[in-house]
There are 2 protein chains.
Amino acid sequence: MNTAILLYDKFTTLDAIGPYEVLSRLRGSTVTFVAERRGPVTADTGMLSMIAEASISELPHPDLVLVPGGPGQGGQMADGPVHEWLRAADATSTWTASVCTGSLILAAAGLLAGRRATSHWLALQPLADYGVQAVSERVVIDGKYITAAGVSAGIDLALWLAGQIGGEERAKVIQLSMEYDPQPPFDSGHMSKASAKTKAVATALMARDIAKPAQLKAGTQLLWNSALAAARGKVARR
Amino acid sequence: MNTAILLYDKFTTLDAIGPYEVLSRLRGSTVTFVAERRGPVTADTGMLSMIAEASISELPHPDLVLVPGGPGQGGQMADGPVHEWLRAADATSTWTASVCTGSLILAAAGLLAGRRATSHWLALQPLADYGVQAVSERVVIDGKYITAAGVSAGIDLALWLAGQIGGEERAKVIQLSMEYDPQPPFDSGHMSKASAKTKAVATALMARDIAKPAQLKAGTQLLWNSALAAARGKVARR
């Protein structure tokens, strides 16, 4: 079982690490962090670098390909080597997966058209704009295509996948080994639960992060539009 | 607000990344990954390296010091530069925190004696052996000392801290930005919920990982004893 997790400049780390922490605990599982080029890749905060152990060309046919999201997603929307790799990997993969705005990259590579999929709440409209049946669910399964909502949802996605790959009993062992018995101190993790103020501040914050001029490529422009829609309450619940 | 997260050989990545992902989203917050020496540090699986951006000597007085756990914890139990750094950092810190078996390192450095604290379920007895009031709770607060249960519990710890540092409203914004609305597909994340079989397999698995001969230092020997006790059901609930 070979898993490739794609890294790129300004990825969100927990999007990648949540699934890694689960999937690496499967028997006979190897998780490889890949990027266009080997070497350090800097996360969205600029405070952290992880090392891509292989280039995408070195791992053309993983069993599971997983794309995390993050503000840098906007830089991964144009066709090119990453999209070519994603399409080739998907052609032979057992599972193709994403966390957060990683689904926009899969969609831009042409892999999600007509399928049910999800993304960060701020990115559901842009996802729909790619011809995807975008839904606000924690983990969406459409055949071999598995997409998760924002950032932390990758843990839930990976546990479900672990159950499929290694069996439910093994997945439960992994859950216990990680003591994944979440007890958030607040109940503000979903647009249906957060206050109007919290939603407005989160939307403004993320839209600001996303809409830096240097990143105003196609994908981020869509996100910016979505942020405005979210601020107006239009994509609060789908 | 300067946070230092300690890295060391064979740390568990989610222990460090969960809190980082939350705390880095606080206004005016800087999170620095530190290690005895700058440069790449390899995680417990051997599948991932993160870069320590600073040596511990370069960041002597963080506002928040956080120690993750992992199988490599056993190599961090002896007195030396890391313990000296922890004691000096703790002398001026606003918060001293740990995730998972990171609390064993804090205890070995002499910082938790007599305090209430927690750890991974497999490590509660070794923690108690250091004169700590070890309790099985998700997040334990004793003055400025904040400890979390295993691996994924660091997210809950950091959200609580974010509320203390940046205010509850800001913490809720962070929770929504991360879409931290967990929906585990199984309910096996705590010793009180897992089946007898799941507990036995998880205990055997982790004890095996922990008890590699090269790591049989004081801390891991204690963990091994604890694993045997857990397998016999003696530390299933405290």
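Observations on the structure shown:
- Among A:Pro184, A:Pro60, A:Pro40, the residue with the largest mean-square fluctuation in a Gaussian network model of chain A, with springs joining Cα atoms closer than 10 Å, is A:Pro184.
- For A:Met1, label point 7 Å along C-beta direction: distances to other copies, nm: 3.7
- Phi-based couplings in Hz for segment B:37-47 (Karplus 6.51, -1.76, 1.60; Gly and Pro marked x): 10, 4, x, x, 10, 8, 6, 4, 7, x, 9
- With label points defined 7 Å past Cα in the direction of Cβ, position B:Ala54 shows copy-to-copy spacings of 3.6 nm, given to one decimal and shortest first.
- Extension reserve of the A:Asp187-A:Met1 stretch, reckoned as 0.36 nm per residue once the Cα distance is removed: 63.4 nm
- Set A:Lys10/A:Lys172; B:Lys144/B:Lys172; A:Lys197/B:Lys144 screened for pairs whose C-alpha atoms are more than 28 Å apart: A:Lys10/A:Lys172; A:Lys197/B:Lys144
- Ranking of A:Thr42, B:Thr118 by solvent-accessible surface, largest first: A:Thr42, B:Thr118 (1.4 Å probe, protein heavy atoms only, all chains present).
- Look at the alpha carbon pairs under 8 Å that are at least 6 residues apart: their mean separation over the length of chain B gives a relative contact order of 18 percent.
- Label-to-label distance for B:Asp63 and A:Glu169 is 5.0 nm, based on points extended 7 Å past Cα in the beta-carbon direction.
- Rough spin-label spacing in nm, given labels placed 7 Å along Cα→Cβ, for B:Ala204 and A:Asp9: 5.0 nm
- Selected from A:Ser98, A:Ser55, A:Ser119 as most flexible by GNM, with chain A as the system and alpha-carbon contacts under 10 Å: A:Ser55
- When only Cα pairs below 8 angstrom with a gap of at least 6 residues are kept, segment A:27-133 shows a relative contact order of 21 percent.
- According to the Kirkwood relation over distinct C-alpha pairs, the hydrodynamic radius of the protein assembly as shown is 22.0 Å.
- Debye equation applied to the C-alpha atoms of chain B, log10 I(q)/I(0) at 0.08, 0.13, 0.17, 0.18 Å⁻¹: -0.27, -0.73, -1.28, -1.43
- Inter-copy label distances at A:Gln183 (7 Å, Cα→Cβ; nm, one decimal): 2.3
- Cα gyration tensor category, rounded, prolate or oblate, for segment B:1-94 with a/c compared to 1.5: oblate
The values are calculated or read from the model by the stated rules, or taken from the named source; none is laboratory data. All values reported here derive from a predicted model rather than from experimental measurement. Here Cβ is always computed from backbone atoms with ideal geometry, including for glycine, and neighbour counts include all displayed protein chains. Each accessible area value is taken on the protein alone, full model and side chains, heavy atoms only, with ligands, DNA and RNA left out. Shrake-Rupley method; radii C 1.70, N 1.55, O 1.52, S 1.80 Å.
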